[in-house]
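The structure under discussion appears below in the form of structure tokens.
Please treat every number below as a calculation from the coordinates, not as lab data. Note that this is a predicted model, so its numbers are computed, not measured. Glycine also receives a Cβ, built like all others from the backbone with ideal geometry; neighbour counts cover every protein chain displayed.
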Amino acid sequence: MDSAYLIETIIKVVVILLIFSALAGIGTYFERKILAFMQRRLGPMNVGPYGLLQVAADGIKLFTKEDIIPTNVVTPIFKIAPVITAATAFMAAAAIPFLPPFEVFGYEVHPIVADVNIGILYVLGMMAVGFYGPLLGGMASANKFSLLSAARTAAVFISYEVVTGLSLLAPIMMVGSLSLIDFNEYQAGGIGDWIVWSQPVAFILFWISAFAETGRTPFHLIANDHEIIDGFGTEYSGMRWGLFFIGEYANMFFISFVIPLIFLGGYGDGSLFGALGLLGKMSFFFFFFLWTRAAWPDVRPDQLMWLCWKILMPIAVINVVITGFVMMF
Amino acid sequence: MFEAVAFYLFAFLTIAMFFITVTTSQALYALTALAAGMIFISAFFFILGADFLGVIQIIVYTGAVMALYAFGMMFFDTTRKVKEKRGNRYIIVGLSTLTAVLIVVIFAAPMVSKNIVALYPVIEDAGNIQLVGVILFTKYLIPFEVAAIMLLVAMVAGIVLAGKKMDISLTLMSSEEIKKEENKKVLS
């Protein structure tokens, strides 16, 4: 392991951390603006031009607020839970190729931290570990609503992991590899080669479970919005609560990268156009998360379970079986 | 060098986590340490180059321990300490030490006598997943199929146990209807 590789990796890690923590902040701005426009409001307007500095104001507020640890909580677990959410979200980024390889001053840079040959499984596994944040936070809070939220987290997690895995199985069978770079190479020939044309069902299923995986609106009931509290985050304050937020937004960004990489051609042949295309697709999926939040109510917990086990899972299994038969004959 | 550092770091962390799991009387600590320990074990798979097994370790055990949390939530107040019934301490310590030593000896003996031969050599230029697939469908085909049947049996049994009276819904019934059902001793 030479030192050039080591330095390159450290630089990549730092760059990704900085960019995506900043993006998580800017993501909240986008979310407020888009929700506001969809609800015919103005959104943040007072701090800076068009409210752009609202992000900085929120950051200062979160960093300087008192970090309150309530009396009856299980202190170490309570303290570590938000860190788990944020840390695992960023760990998942290690196996995502954000851009095609490019050259800087004659040095070829691969914008992926670790090109492991099980990339997609690693990303999903890490995002799954991220569910421990809400779960532990809710259970350690000594608050009944938080505990309820933790129970819902466990339910969503245990159910939707199945759909995510099964829906991905069919594309994996076609590509014959778990590396996201191999997925990209498979679809490098242009729009006609995209996996979404041969696996539309898997695409929709994976997209639906991406909402569950990130805990976004149709499945936002892990935060109990309708009880006018913040679920697992009820007892949190200041930066610990902010870490939950950063984790959620970073997860949204990363899954918005993963969906196009698997189904929609990724960065294509690796040209500048392809790279911009990937960023464009990522922006669309991120926008879609916000759009859904403006347009849809949350589902009920029983509807959530019903949807997962009675609708999505059978469809996913049938999809895998059909893909297998088509590939065999 | 990196491998040695990583190995000792994760070995220490894993043992520390499982030590906490066994010794603490707080259910939440025990479960969290268990989950952490299980995830740290995956580091050894990564160090040995078995990426696929490492990730499977993470995915399977996060899910499995998550189910344990769910049970913990149902049965305890996880923010309070559990009162444990302590038996004879010497017997417990003696038995667990003996078991640990026995397990180490069982696995170490063939290595010490150099009696291990790789019967199925690694196929060149095949990935992790392909290797696992090949070994599952050749050498371990029967255990693999038996495991599949066992899972099927467990699933059928689970549905039979959980599925009793699933056709009636207490939410949709009026209170008289519920009373009638109770009198029929359908709902115990």
(message) Can you tell me which aspartates and glutamates have their Cα less than 20 Å from the Cα of A:Lys144? Leave out same-chain residues fewer than eight positions away.
(response) A:Asp225, A:Glu227, A:Asp230, A:Glu235, A:Asp302, B:Asp77
(request) Any chance you could run the full-extension gain for A:Tyr5 through A:Trp306? It's 0.36 nm times the residue separation minus the Cα-Cα distance, nm to one decimal. (result) 103.5 nm
(request) Set Lys and Arg Cβ to +1 and Asp and Glu Cβ to -1, take the dipole of segment B:1-137 about its Cα centre, and tell me which of B:Thr78, B:Leu68, B:Ala50 lies farthest positive. (result) B:Thr78
(request) Please report Rg over Rh for segment A:1-142, where both radii come from the alpha carbon positions and Rh follows the Kirkwood definition. (result) 1.05
(request) Quick one: dipole size for segment B:140-188, taken about the Cα centre, charges +1 on Lys/Arg Cβ and -1 on Asp/Glu Cβ, in debye to the nearest 20. (result) 180
(request) In Å³ and rounded to a whole number, note down the convex hull volume per residue for the Cα atoms of segment A:204-329. (result) 133
(request) First obtain the Kirkwood hydrodynamic radius of segment B:94-175 from its Cα pairs, then insert it into the Stokes-Einstein equation at 4 °C and 1.567 mPa s, and state the resulting D in µm² per second as a whole number. (result) 71
(request) Would you mind giving the mean number of other chain beta-carbons within 10 Å of the Cβ of each residue in B:54-63, as a whole number? (result) 6
(message) Can you compute the label reach from A:Ala294? Point 7 Å from Cα along the Cβ direction, backbone N cut-off under 20 Å, restricted to segment A:37-54.
(response) A:37-47, A:50-54
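Taking neighbour counts of Cβ atoms within 10 Å as a proxy for exposure, in what order, fewest first, do A:His110, A:His226 appear? List each step's numbers first, then the result.
Numbers: A:His110 14, A:His226 11.
In increasing order of surrounding Cβ atoms, one gets A:His226, A:His110.
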(message) If each DSSP helix of 4+ residues adds -39,500 (n - 2.57) and the sum is divided by the residues in chain B, what number results at 222 nm, nearest 500 deg cm²/dmol?
(response) -24000 deg cm²/dmol
(request) Rank A:Cys308, A:Ile191, A:Gly130 by how far each Cα sits towards the positive end of the charge dipole of segment A:69-328 (+1 on Lys, Arg Cβ; -1 on Asp, Glu Cβ) and give me just the farthest. (result) A:Cys308
(request) Could you tell me what % of all Cα pairs in segment A:243-292 have separations over 15 Å? (result) 46
(request) For A:Lys33, list the lysines whose Cα falls under 26 Å from its own Cα; do not include residues on the same chain fewer than 8 positions away. (result) A:Lys61, A:Lys65, A:Lys281
(message) How far apart, in nanometres, would the label points at B:Lys83 and B:Ala108 be if each is projected 7 angstrom from Cα along the Cα-to-Cβ direction?
(response) 4.2
(request) Per DSSP H run of at least 4 residues, take -39500 (n - 2.57); add these up for chain A, divide by its residues and hand me the 222 nm value, nearest 500 deg cm²/dmol. (result) -22000 deg cm²/dmol
(request) Report, by chain and number, residues whose modeled amide H sits under 5 Å from the one on A:Phe102, excluding near sequence neighbours (fewer than 5 apart, same chain). (result) A:Val109
(request) Using only alpha carbons, build the gyration tensor for segment A:175-216 and give me the equivalent ellipsoid semi-axes, biggest first, whole Å. (result) 22, 13, 8
(request) Would you order A:Trp207, A:Trp241 from fewest to most other beta-carbon atoms within 10 Å of each residue's own beta-carbon? (result) A:Trp207, A:Trp241
(request) Calculate, in whole percent, how much of the Cα-Cα pair population of chain A lies beyond 27 Å. (result) 47
(request) Towards the positive end of the charge dipole of segment B:140-188, with charges on Cβ (+1 Lys, Arg; -1 Asp, Glu), say which of B:Ile149, B:Ser174, B:Ile159 has the farthest Cα. (result) B:Ser174
(message) Quick check: Cα centre of segment B:81-114 to Cα centre of segment B:1-23, how many Å?
(response) 18
(request) Rounded to whole Å and ordered largest first, report the semi-axes of the equivalent ellipsoid of segment A:74-217 derived from its Cα gyration tensor (root of 5λ). (result) 33, 21, 10
(request) Rounded to whole Å and sorted largest first, list the principal axis extents of the Cα atoms in chain B. (result) 73, 45, 31
(request) List, largest first, the extents of the alpha carbons of segment B:1-84 along their principal axes, each in whole Å. (result) 44, 22, 14
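Within a 10 angstrom radius of the beta carbon, how do B:Met73, B:Met1 rank from fewest other beta carbons to most?
Fewest to most other Cβ atoms nearby, the residues stand as B:Met1, B:Met73.
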(message) Working only with C-alpha atoms, what are the Rg and Dmax values of segment B:140-188, expressed in angstrom?
(response) 18.2, 57
